[in-house]
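Read through the structure below, which is laid out as structure tokens, and then see the notes.
The values are calculated or read from the model by the stated rules, or taken from the named source; none is laboratory data. What you see is a predicted model, and the numbers here were worked out from it, not measured in a lab. Please note: Cβ atoms are built from the backbone with ideal geometry, for glycine as well, and neighbour counts cover all protein chains shown.
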Amino acid sequence: MEKVLQKTKQPYWNVRELVVIGIFAAVVKVSSILVALVGGGMNPATLLLKNLLFTTLLVVLLYKLRKFGSLTLFLGVSALISALLLGGSMVLIPASLLAGIIAEGLILVVGGYASTFALMLGVAVYDALSKIMSLGVSWLMLREQPKMIIMVAVFVTIGYVGSVIGLFTGRYFVKELRHAGIVHH
Amino acid sequence: MRALYTTNTVAPETPLHHLDVRTKMTISAVASVVVIFLKSVPALALLVAASTLYLMFTRRWKIIIIAYVAVMLMWVGAVICMELMALVSPRMAASSLSSLMLPFLRSLVLINTLLAMALSSRIQGILTTLKALRLPYWLYIPAAVMVRFLPSLMEDVRQISEAVKTKGYSLHPASLLLAPRQTMRLLFVPVLFRALRTSDELGIAAELKGVGYSNNISRFREQHFSNVDYGVLALSTGLFVLSFVINAYTKLSTYMGM
């Protein structure tokens, strides 16, 4: 009887949720590449829009999957595939995961996944932490010429402005998606 | 991005394609840590030379040239900015040529090893590797969905862009800069809607097939390290050790004023 119960025990993640995470990871990656291609490379507008789209999609994802671990799993999958297929940096993977775990902890403390404010704050904190950690990694790479970090920091700050705007566009997107019946919460 | 379209049938065979993806992952991961510790130009130059040779085995010359030109442009831009900052405040000037070279060499090693892995990894290879890594199903399923969905999403984007063009809108860098809201509405909202619909359909289909209810993933193709993999790993280890020796020797000679 115990064996039967063990077999029918529901796993923490169901397949639908895992598929949503995989598809969002793909959408985020393709959107970033698309913005970079359409925007003509590195310029403030491209940087702003790339970050805006990233946080917008992250907010939509967390609205759709209100579950502890969604953000970290999304980041892990995205980083793993980026490193394997698109040449993403491997040094940044632990930093990104750590930022994700801290942000998810904060979401739980502030109000849980049912609170819109907590979700937006979690995404904002994740993005800030990951950018700070990336700056730390950049400092390690550029430590002989630390003044170069000033330029990197300027770019990162412009990107973060886009991320903050993205929190609100994400909320707007969720309203539209709810209206269309795609997001049910 | 072209690596995404690489399939088992159309990809050109290069020596790197025969290497196990785990070997390439290990080389990239170790290289990204090693370059942080190296502080001498000769040690990093050795790794740049070796990693360039490694990248050249992919024979994707066009992509390699584009990547190198992009890195050079970024570096020239950084140096110009440093010079401009030095004009404003002399304290901001670059201290020496070697201190300008070191970050550049570090980035080159990383780009070479990562590009080599990205340009020689096939989608089926990645999926087999993910299985070989014995990842739990909750990590394997989203990763596999992402890998499989990327080409289909690119096709969706292409179709949406064509539909936008037929309606009389044009998508180019200027439109993104001058009308970002309109570009987002025309391009990204349909992509998001389509992706969400697909995720629902795919999720239901996977659930109906019972995916995720078994902890054991059956393996269609088992992956094993070959002698070439062991050889490449041994060679890379030797190069990393040698670069550390050169680094220590250079530091010692500088310290002793040689």
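What number of residues within the stretch B:162-177 satisfy the criterion of being assigned to a helix (DSSP H, G or I) and at the interface with chain A (Cβ under 9 Å from one of its Cβ atoms)?
Total meeting the criteria: 5.
Does any residue in the stretch A:159-178 that is among the β-branched types (Val, Ile, Thr) come within less than 7 Å, Cβ to Cβ, of a residue that is in a helix (DSSP H, G or I) six or more places away or on a different chain, and which pairs are these?
Note: pairs meeting the criteria are A:Val161/A:Leu48; A:Val164/A:Ala124; A:Ile165/A:Leu52; A:Thr169/A:Leu52; A:Thr169/A:Thr56; A:Val174/A:Val59; A:Val174/A:Val60; A:Val174/A:Tyr63.
Residues of the stretch B:124-161 being of a type in the set (Lys, Arg) and either in a helix (DSSP H, G or I) or surrounded by 21 or more Cβ atoms within 10 Å (Cβ to Cβ) (or both), which ones?
Selection gives B:Lys131, B:Arg148, B:Arg158.
Within the stretch B:164-181, work out how many residues are polar (S, T, N, Q) and either in contact (Cβ under 8 Å) with a residue 24 or more places away in the chain or closer than 17 Å to A:Gly166 by Cβ (or both).
Of the residues in the stretch B:164-181, 0 are polar (S, T, N, Q) and either in contact (Cβ under 8 Å) with a residue 24 or more places away in the chain or closer than 17 Å to A:Gly166 by Cβ (or both).
Test of understanding: among A:Gly112, A:Gly122, A:Gly105, which residue is among the small types (Gly, Ala, Ser), more than 10 Å from chain B (Cβ to nearest Cβ) and not in a helix (DSSP H, G or I)? Let's see the steps before the verdict.
Numbers: A:Gly122 fails: not in a helix (DSSP H, G or I); A:Gly105 fails: not in a helix (DSSP H, G or I).
Being among the small types (Gly, Ala, Ser), more than 10 Å from chain B (Cβ to nearest Cβ) and not in a helix (DSSP H, G or I) holds for just one of A:Gly112, A:Gly122, A:Gly105, which is A:Gly112.
Would you tally the residues in the stretch A:6-35 being among the charged types (D, E, K, R), at pLDDT 85 or above and out of contact with any Asp or Glu (no Cβ under 8 Å at 6 or more places or on another chain)?
Selection size over the stretch A:6-35: 1.
Only one of A:Gly100, A:Gly170, A:Gly112 is within 28 Å of B:Arg197 (Cα to Cα) and either surrounded by fewer than 17 Cβ atoms within 10 Å (Cβ to Cβ) or aliphatic (A, V, I, L, M) (or both). Can you tell me which? Before you say what the answer is, go through the steps one by one.
On the way: A:Gly100 fails: either surrounded by fewer than 17 Cβ atoms within 10 Å (Cβ to Cβ) or aliphatic (A, V, I, L, M) (or both); A:Gly170 fails: either surrounded by fewer than 17 Cβ atoms within 10 Å (Cβ to Cβ) or aliphatic (A, V, I, L, M) (or both).
The conditions single out A:Gly112.
For the stretch A:43-80, what are the residues that are part of a loop (DSSP other than H, G, I, E, B) and more than 8 Å from every other protein chain (Cβ to nearest Cβ)? Please lay out each step first, then the result.
To start, the set of residues in the stretch A:43-80 that are part of a loop (DSSP other than H, G, I, E, B) comprises A:43, A:65-69.
The answer is A:Leu65, A:Arg66, A:Lys67, A:Phe68, A:Gly69.
Suppose we keep only residues that are more than 10 Å from chain A (Cβ to nearest Cβ) and more than 28 Å from A:Ser70 (Cβ to Cβ) within the stretch B:178-187. Which one would you say is surrounded by the most Cβ atoms within 10 Å (Cβ to Cβ)?
B:Leu186
With respect to A:Ile182, is the statement that it is free of Cβ contacts under 8 Å to residues at least 24 places away in the same chain and either away from chain B (no Cβ under 13 Å) or more than 18 Å from B:Ile36 (Cβ to Cβ) (or both) true?
yes
Is there a residue being touching a Ser or Thr at 6+ places or on another chain (Cβ under 9 Å), facing chain A (nearest Cβ under 10 Å), at pLDDT 80 or above and within 20 Å of B:Ser40 (Cβ to Cβ) anywhere in the stretch B:89-102?
yes
So that you can scan it fast, the table gives a plain yes or no per residue for (1) assigned to a helix (DSSP H, G or I); (2) within 14 Å of chain B (Cβ to nearest Cβ); (3) of a type in the set (A, V, I, L, M, F, W, C):
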site	(1), (2), (3)
A:Ser82	yes, yes, no
A:Ala95	yes, yes, yes
A:Tyr126	yes, no, no
A:Ile132	yes, no, yes
A:Gly136	yes, yes, no
A:Pro146	no, yes, no
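If you scan the stretch A:74-125, which residues turn out to be closer than 28 Å to B:Leu133 by Cα, among the hydroxyl-bearing types (Ser, Thr, Tyr) and modelled with pLDDT of 85 or more?
Within the stretch A:74-125, A:Ser78, A:Ser96 meet the criteria.
Out of everything in the stretch B:5-23 that is modelled with pLDDT under 85 and crowded, with 19+ Cβ neighbours inside 10 Å, what residue ends up being nearest to B:Leu105 (Cα to Cα)?
B:Leu16
Please count how many residues of the stretch A:124-150 are farther than 16 Å from B:Ile36 by Cα and small (Gly, Ala, Ser).
3
Mind checking which residues of the stretch B:191-203 are under 14 Å from B:Met154 (Cβ atoms) and more than 7 Å from every other protein chain (Cβ to nearest Cβ)?
B:Arg194
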